[in-house]
1. What is the angle, in °, between the Cα long axis of helix 480-498 and the longest principal axis of the Cα atoms in the chain? Nearest 10 is fine, range 0 to 90.
2. Can you list, bin by bin at 5 Å, the percent of alpha carbon pairs in segment 681-758, starting at 0?
3. Sorted by accessible area (1.4 Å probe), largest first, how do Lys443, Lys606, Lys680 line up?
4. How large is the helix-only mean residue ellipticity at 222 nm for the chain, computed as the sum of -39500 (n - 2.57) over DSSP H runs with n ≥ 4, divided by its residue count, in deg cm²/dmol to the nearest 500?
5. Helix 780-797 versus the longest principal axis of the chain: what is the Cα-based angle in degrees, 0 to 90, to the nearest 10?
6. Please calculate the 1.4 Å probe accessible area of Ser140, with all protein chains present, and give it to the nearest 10 Å².
7. Note down the accessible area of Val644, probe 1.4 Å, to the nearest 10 Å².
8. Can you compute 3J(HN,Hα) from phi for each residue in segment 393-404, using the Karplus curve 6.51 cos²θ - 1.76 cosθ + 1.60 with θ = phi - 60°, rounded to whole Hz and x for Gly and Pro?
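The values are calculated or read from the model by the stated rules, or taken from the named source; none is laboratory data. Quick caveat: nothing in here was measured; it's all calculated off a predicted structure. No Cβ is skipped: glycine too gets one built from the backbone with ideal geometry, and neighbour counts run over all protein chains shown. Remember, those area values only see protein heavy atoms, side chains included, never the ligands or the DNA or RNA. Shrake-Rupley method; radii C 1.70, N 1.55, O 1.52, S 1.80 Å.
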Amino acid sequence: MVMDVDVEDGNLGPYQDRPRTFPNMRGKSYNPLIFRILMRINVRVLFVILLLALGVVFYVGASTSPIIVFVFSICIISFLVSLYLARWVLAKDEGPPEMGQISDAIRDGAEGFFRTQYGTISKMAFLLAAVIFCIYLFRSTTPEQEASGIGRFTSAYITVAAFLLGALCSGAAGYVGMWVSVRANVRVSSAARRSAREALQIAVRAGGFSAMVVVGMAVIGIAILYATFYVWLEVDSPGSMKVTDLPLLLVGYGFGASFVALFAQLGGGIYTKAADVGADLVGKVEQGIPEDDPRNPAVIADLVGDNVGDCAARGADLFESIAAEIISAMILGGTMAKRCKIEDPSGFILFPLVVHSFDLVISSAGIFSIRGTRDSGGKASSEDPMTILQRGYSVTIVLAVLTFGASTRWLLYTEQAPSAWFNFALCGLVGIITAYIFVWITKYYTDYKHEPVRMLALSSSTGHGTNIIAGVSLGLESTALPVLVISVSIISAFWLGQTSGLMDENGIPTGGLFGTAVATMGMLSTAAYVLTMDMFGPIADNAGGIVEMSQQPESVREITDVLDAVGNTTKATTKGFAIGSAALASFLLFSAYMDEVATFAREPFKQVDIAIPEVFVGGLLGSMLIYLFSAWACSAVGRTAQEVVKEVRRQFIERPGIMDYTEKPDYSRCVAIVASASLKEMIKPGALAIVSPIVIGIAFRIFGYYTGQPLLGAKVVASMLMFATVSGILMALFLNTAGGAWDNAKKYIETGVLGGKGSDSHKAAITGDTVGDPFKDTAGPSLHVLIKMLATITLVMAPVFL
């Protein structure tokens, strides 16, 4: 990132000369290559190209199914709605010049890191694509592929193209998440000078823009890929592939999305938490200055981290979650339709796309239900922002129930089992209720309005050690209720699907797994609104930082502090939601893996016996993978934070005038440290996640070959996947909840209780918060991405293990 010479040299003049200005760190403005190309094209030509592209998309969709045309239409309308939201947010003022200067510095830091990080990820993606292509050239093909004339080269080309498209769309989703956050933060800060409710509305609509684009891209990307393959391969024509087998060709898309999401989450999480820990330990604990104080050399790196870690990474994360869930549900729907000999299986296959299309509609209603009202005197709104957000979520939930029921009646009705659609509607209701309960449980354990966080704050009054003990015990306890909820939802949905009346040619009920798939769709049927709440958090956090650094009145900071505390809770609740959906989606992907192994092996593969020593060892390796990955992610944050702490201490020693505003800190140095370190540190845990299942599967395949166990490699990988999923869910629940609770315990003390800011209790709470930072924003979020990526890797590589 290019910095001004004055910033590098520190020649910016004393603070008293310009007490409310911020150094201009802006370098050359950056736009992605595709944007630069589009901006050079004449507007009329661009409009014609866009119309032609839409015409081609709708033609391919119409050649596939009317359902695809419906999905395309909803997605395009949602993109128009998101453009309206973007224009509405960008029309708001940026406040006084000092706010704009700080926002510019944050924007340049975030865009510079994003460009470097995704450049590194893209190189790794192309390398992995080449490896996948080579593997597919030598792997076996399914009987269905052989019958339809799809050879190894075509299969390799399709998988690699899907992988690269998934990676590209996931990266674009991350960029969209960051793009809006770095522009909305200053507008929320400016609005907080007038009204708490207006600031809330801007933050929500900015998050809504990102959410609509991310979910819309996930849906339309899979729909375009499906329709293109349908037309290109002449599916359902005599001698060609059957439509029920088509979803298996989409697994590369999910793998590409998972690959980018994992590295985005790792790199962004290491960046944001290393900067945050370094800024807090030296600034707040050692120097006693407030959070986001302009005298802290790491403050800009901390604010940049909110955007690259919480916004860009979370956008890619949720994109991957939706893509994995849609593809796995399409595979299971096609498999069930084939077994039951359903005359028109397209409804069961395309059902997930329709559910998420309605998600865009109902989430828009929830976003627009939050309206701004001017508060008197610039005081904090008398109504709790969390209550307002929950009201919007309730609107979305009610609409989700109605649209989900309508979707099941439209697409899942079949003459073979006339009441099956109602059972599947109940499965969706189970998923929706599960999502709501998950949000409530996480809120209970992380919101300082409830007893657990208040007791954690109270433990800070007796020292740092008791705060850590209380936080760890709270995180461990918080795993119980979510696991019980997941267990009940899986069993309930499976039972409802199994009793739906759908049976195979032998009269055996076959709807159980698809019932769990429908429940997963129900849980994610409000994903766009949930992502809106998640994006609200870092935008509010950045807004508070801009207010503090630009030295706004205390009443303005009070408003942003309330929004920031609510944002911490919404981030924690959405992470809990993501873990729950990851658990259900991983179960679906595991089932799809079992089906794919059976297809390639041409023999049943329905059970995995962990009493076999090699299979049990595979399970141990899967659990070990979770703990080792978490350790490497947390240690990466620790090592990088140590460098930040040393740099901040150095600047306070060598520039003593920083504390009395006579010298400027070198913000760019801390930005450079965390940027370079996070890119280096994300490689090792990411490589562990990709290489481990492949090495384990191939090693035990070879061992099985020499010991007379032909399917041993596939069985060991299945065991590894099961144990990794169970261990990963529990570990992610612990890390996310403990970290969120520590953060809000600190926020609770900062409201004035237990001595307030600067007290011994506050310092102990800061220690807990710094311990929890890598838990909740690096290792925890990366884990649920890891779980799903392991499942997609095994799906893509299944033939290699046979």
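1. Rounded to the nearest ten degrees, it is 30.
2. Cα pair-distance distribution for segment 681-758, in percent: 3, 13, 12, 13, 13, 10, 8, 7, 6, 5, 4, 3, 2, 1.
3. Details: Lys443 30, Lys606 170, Lys680 140 Å².
Correct descending sequence by accessible area is Lys606, Lys680, Lys443.
4. -26500 deg cm²/dmol, from helical runs alone.
5. 30 degrees
6. 50 Å²
7. The value for Val644 is about 0 Å².
8. Karplus values, whole Hz, x for Gly and Pro: 5, 5, 4, 5, 4, 4, 5, 5, 4, 5, 5, 5.
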